[in-house]
1. Sort through 694, 774, 761 and tell me the only one that's β-branched (Val, Ile, Thr), at pLDDT 80 or above and part of a loop (DSSP other than H, G, I, E, B).
2. Of all residues in the stretch 173-184, count the ones that are at pLDDT 80 or above, touching a helix residue (DSSP H, G or I) at 6+ places or on another chain (Cβ under 7 Å) and open to solvent by less than 40 Å² (accessible area, probe 1.4 Å).
3. What residue, of 840, 810, is in contact with a helix residue (DSSP H, G or I) (Cβ under 6 Å, 6 or more places away or on another chain) and modelled with pLDDT of 75 or more?
4. Looking at this structure, is residue 726 crowded, with 16+ Cβ neighbours inside 10 Å, among the β-branched types (Val, Ile, Thr) and not in a helix (DSSP H, G or I)?
5. Hey, residue 300 hits all of (1) assigned to a helix (DSSP H, G or I); (2) within 17 Å of residue 41 (Cα to Cα); (3) of a type outside the set (Phe, Trp, Tyr); (4) at pLDDT below 70 but one; which does it fall short on?
6. Please give the number of the condition residue 530 fails out of (1) open to solvent by 20 Å² or more (accessible area, probe 1.4 Å); (2) closer than 30 Å to residue 630 by Cα; (3) touching a strand residue (DSSP E or B) at 6+ places or on another chain (Cβ under 6 Å); (4) of a type in the set (Asp, Glu).
7. Sort out which residues of the stretch 587-606 are under 26 Å from residue 430 (Cα atoms) and either in contact (Cβ under 8 Å) with a residue 40 or more places away in the chain or surrounded by 17 or more Cβ atoms within 10 Å (Cβ to Cβ) (or both), and write them in order of number.
8. In this structure, does residue 667 turn out to be closer than 30 Å to residue 76 by Cα, modelled with pLDDT under 90 and β-branched (Val, Ile, Thr)?
Amino acid sequence: MARSSNATMRRVALRNLAAHKVRLALTVLSVVLGTGFVAGSFVFTDTLGHTFNGLFSDVAKGVDVQVRGKEADGSGVPLADVARIRSIPGVRAVEPSVSNQIVLLGADGKQVQGGGAPSEGISYVPPAQHLGERYVFTSGSAPARPGEIALNEGAAKLSKLTLGEHTKVLVPGVGTIEVTLAGIYHTKSDTGGYIGALFSNDQALKLFTDGKHVGTVDIAGTGVSPTELKARVGQALPDLKVLTGQEVQDEAKNGVASALKFINYFLLAFGAIALLVGTFIIYNTFSMIVAQRLGELALLRAIGASQRQVSRSVLLEAVLVGLLGSTLGIAGGVGLAYGLRALLNSFNVGLPSGPLQLEPRTIIVALAIGVVVTAFSAYTPARRAAKTPPVAAMRDEFASTGTSLRRRTLIGAAFAILGIAGLVAGAMAKAGGGAAGLVGIGALGLIVGVLLVAPALSRPIVAAVGFPLAKPFGSVGRLARNNAVRNPRRTAATAFALTLGLMLVTAIAVFGSSAKKSINALVDNGVTADYILTGPDAIGVPFGAGQAAGKVQGVRTATDLHPVRVKFRGSDQRGTGVDGSLSDVLTFSVISGTADYTGHSMLASKPTAESNGWRIGSKVAVTSFDGRSSTLTVTGIYQHNSLLGDWITSGDFYREVTPTKYLTSMVVLVKGSPGTNLVTLRKDLLTATEPFVVVKVQDREQFKGTQATQINGLLGVLYGLLALAIVIAVLGIINTLALSVVERRREIGMLRAVGMLRPQVRRTIYLESSLIAVFGALIGLGMGLTFGALFVRTLRDQGLNHVAVPYGQAASMLVLSALVGVLAALWPAIRAARTRPLEAIADL
C-alpha cells in the first residue's frame with residue numbers, strides 16, 4: 001500500500017511540473033545561470049591547462065640536465081663554468097642558452113603588442129647543436145650575422161613585417177637597434193601572442209648578457225641517467241642550481257597550473273555569487289509554489305497522504321528541477337567558456353587555441369551543486385507544507401498568511417549587532433590583513449543579519465518609499481504599495497537577490513573611486529615634477545631614457561626611480577633606487593635622521609622601520625639575487641609614500657645588485673628649470689626619448705588619467721562578471737511577479753470585474769515591481785558603501801589613504817533599479833492585464 005502511495009505521489013509531482021511550464025522554465029533558468037558560471041569556470045581553466053601542458057611537453061625536450069643560477073633574477077651561469085661542464089663524465093653535448101625581454105617594433109613603427117604572452121629575444125642555435133625544440137623555418141632563413149632576426153609566425157603576423165623588411169628592436173639596458181627580418185619559423189609554443197625573435201649567437205651574447213654569464217646551460221648525457229648526471233654536475237658546480245629535464249618541464253607546468261588556479265578561484269568566486277543569488281530565487285520560487293499549492297497538498301493529506309510523502313513530493317520536484325537546470329547549465333558553461341576565450345582573444349591576450357575540455361569532475365560538481373542547492377532551497381517550504389493541518393490549508397486566507405517574524409527578526413538583529421561590532425573592530429584596528437579579516441567577518445555577519453531582518457524592514461521602508469512614488473497614481477499606486485507590503489517575506493526574498501548584486505557593485509565602485517582619489521592626491525600633493533616618463537608594465541622605462549631626458553636643455557633635474565630587489569633575512573625586500581634629486585620632484589617628509597640615500601645609505605618608511613626594528617644607524621645586511629652580500633645603513637625614516645615604497649637607496653646600489661639585463665626605471669620624474677617653456681620642454685623630451693620607443697611623456701593630469709584608465713579597465717571586468725548576478729536578480733523579480741500574478745488571479749479578476757482597466761492593472765504591477773527593486777537597491781547600496789569604505793580603510797598602509805564615496809553612481813544605481821523593476825514587470829504585467837474576470841473568479 002505504501003509503495004502504491006509513494007508511486008502516486010511521484011506521479012503527482014511529475015504532473016505538477018508538466019502542468020506549470022512557465023513556472024518550471026523560470027525556476028530552471030535560475031539554476032542554469034548559477035551552475036553555468038561554475039561549469040564555465042572549470043571548462044575555461046581546464047582547457048587552458050590542457051593546452052599549456054601540451055605546449056610545455058616539448059620544453060627541455062632532448063635535455064637531460066639544465067644548469068641555472070641559484071636565483072631566477074640572478075646573473076645566471078658563469079661562462080667560465082661551461083668548459084667545466086663539458087669535461088664532466090657522461091656529458092655528450094652542452095648548449096648555453098641566452099635570452100631576454102625585448103620590444104619589437106612593427107611595420108607601422110609602433111610596439112607590437114602580444115597581450116600577456118612573453119616577448120623575448122633568443123640566441124639561435126643550429127639544429128645540429130640544438131637540444132630543445134627544433135625551429136622549422138616556413139620562409140627565409142635563420143639569422144646568420146648581427147643585425148638579422150627571425151620571427152615566429154604569430155609575431156610576424158602581429159607585426160605585419162615581411163622578409164627583408166627593416167625594423168627596430170628595443171633591448172632593455174642597451175637601447176634600440178636596427179634589424180632586418182631574415183626568416184619566419186614555426187614552433188609548437190607559439191600561442192598567437194608570443195613574440196620570439198631569434199638573433200645570431202654572437203649578437204645575442206652581446207645584447208642579452210654581461211659578457212660573463214649566460215641564462216642557462218642545457219646538457220645532454222650519454223651512458224648515464226639524468227638523475228646520475230644531475231648529481232655529477234651538482235657536485236662539480238655546488239653554487240649553481242641543477243635540474244633534470246623532467247624537472248624543468250614539471251616546473252613550467254606547475255607555474256602555469258598555479259597561475260590558472262588563481263584565475264579559476266577568481267571565476268569561481270563570481271560563480272558562487274551568481275549561485276547564491278540564484279539560491280534566493282529558487283527558495284523564493286518554491287516558497288511561493290508551496291504556498292499556492294497548500295490547498296492541493298491539503299487535499300492529498302485529507303485523502304491519506306502522510307507528512308513525509310507530501311514533503312518528498314515537493315523535494316522530488318526540486319531535485320528534478322535541479323537535475324534539468326544543472327544539465328543545461330553544463331551546456332551553457334561550455335558556451336560561456338568558448339565565449340570568454342573568444343572575448344579575451346579579441347583583446348589580444350594571446351591565449352593558445354585548443355579543443356574545449358569537459359572533465360568528469362566538472363559534470364559531477366555542477367550537478368551536485370545544482371541539485372543540492374535546489375533541494376536545500378525547497379526543504380523548508382516542503383517541511384512547512386507537510387506540517388500544515390489539512391483543514392487550515394484549505395482556507396483561502398491561510399495561503400497568504402505566514403508565521404510571526406518576531407523570532408527571525410530577533411536572530412537577525414543579533415547577527416547584525418555582531419557584524420557591526422566586527423566592522424567597527426576592523427576599522428579601528430591597525431591596517432593590514434588582520435583588519436581586513438575582521439571587516440570581512442563583520443560584513444558576513446551583517447549580511448546574514450540583514451537577510452533575516454529584511455522582511456521586518458520591508459514594511460516600513462516600502463511604505464515610506466512607496467508614498468511619494470505611489471501618490472501621483474492615486475488608487476492604483478496605493479494598491480501597488482499594499483501589494484508590496486502585504487507579503488514581507490516574499491518582498492524581502494525577491495529584493496535580496498538584487499541587494500547582493502548591487503552591494504558588490506557598490507563596494508567595488510567605492511574601491512575604484514578611492515584608488516583613483518588616492519592616486520590623484522599622491523600626484524597633486526606629492527609630485528612637483530613637470531613631466532613623468534612612463535613605459536610598459538613589463539619592462540618599465542628603458543634604462544638610459546632618464547639620462548637622455550636629463551641632457552635636454554631646460555631640464556633642471558631628471559630623477560630615475562628604479563625597482564630594487566634584495567633578500568633580507570631570507571625573504572624578498574622591494575625598495576626604490578634613486579638617481580637624481582628627490583626634493584626637486586617630490587614632496588616627502590623625513591621624520592627623523594637625514595635625507596641621505598647616497599652610496600650604501602637607505603631611508604626607510606615608518607611602517608617598514610617599525611616592522612623590521614630599524615632605527616637611525618641600523619646596519620641592514622642584504623643579499624643580491626646573484627648571491628652577493630652588502631650592508632645598508634639606515635640614515636633616515638620618512639612618512640610612507642606610495643611612489644617611493646618601503647625604502648629608498650641610491651641608484652649606484654641598485655646597479656650593484658641588479659644584473660645588467662634587468663636594469664630599468666619605474667618612472668622618471670622631470671623638473672624644468674625656472675622660466676622654461678613647458679610646451680617646448682615636452683617636445684624636446686619627446687625627441688630625446690624617441691629612440692626608446694615605448695616611453696610616454698606625460699604631465700601630471702595625463703599621468704592621473706592613465707592610472708584611472710587602468711583602474712576603470714579592471715573595474716569593467718569585475719562589473720561584467722557581476723552583471724550575471726544582476727541578471728539573475730532581475731529574472732528573480734520577473735519570476736516572483738509572474739507567480740504572484742498566478743496567486744492573485746482571483747483578486748485581479750475581481751478588480752477587473754468592478755471596472756479596473758487593463759492599463760491600470762499593468763501600472764499596478766509596474767509600480768509594485770519598482771518598489772521591490774528600490775527597496776533591494778537601498779539595502780544593497782547602504783551595505784556596499786559601508787563595506788567598500790571600511791575595506792579601503794584597512795588598506796591605508798598600501799597607499800589607499802583616501803576614501804571616496806561615488807554618490808552620483810549610487811544615485812544612478814537607485815534610478816536604474818527602479819527602471820529595472822519596470823522592465824522586469826513587463827511580461828508579468830501583460831499577463832495580469834489579460835486575466836479574464838469571470839474565468840479568474842470561477843477558478844477558486
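1. That would be 694, the only listed residue that is β-branched (Val, Ile, Thr), at pLDDT 80 or above and part of a loop (DSSP other than H, G, I, E, B).
2. Adding up the residues that qualify gives 1.
3. 810
4. Working: crowded, with 16+ Cβ neighbours inside 10 Å: yes; among the β-branched types (Val, Ile, Thr): yes; not in a helix (DSSP H, G or I): no.
No.
5. It fails just one condition, (2).
6. (2)
7. 587, 588, 589, 590, 591, 592, 593, 602, 603, 604, 605
8. no
The values are calculated or read from the model by the stated rules, or taken from the named source; none is laboratory data. Note that the coordinates shown come from a computational prediction; the quantities given were computed from them, not determined experimentally. Note: ideal-geometry Cβ built from the backbone for every residue, glycine included; neighbour counts use all protein chains shown. Note: areas computed on protein heavy atoms with side chains; ligands, DNA, RNA excluded. Shrake-Rupley method; radii C 1.70, N 1.55, O 1.52, S 1.80 Å.
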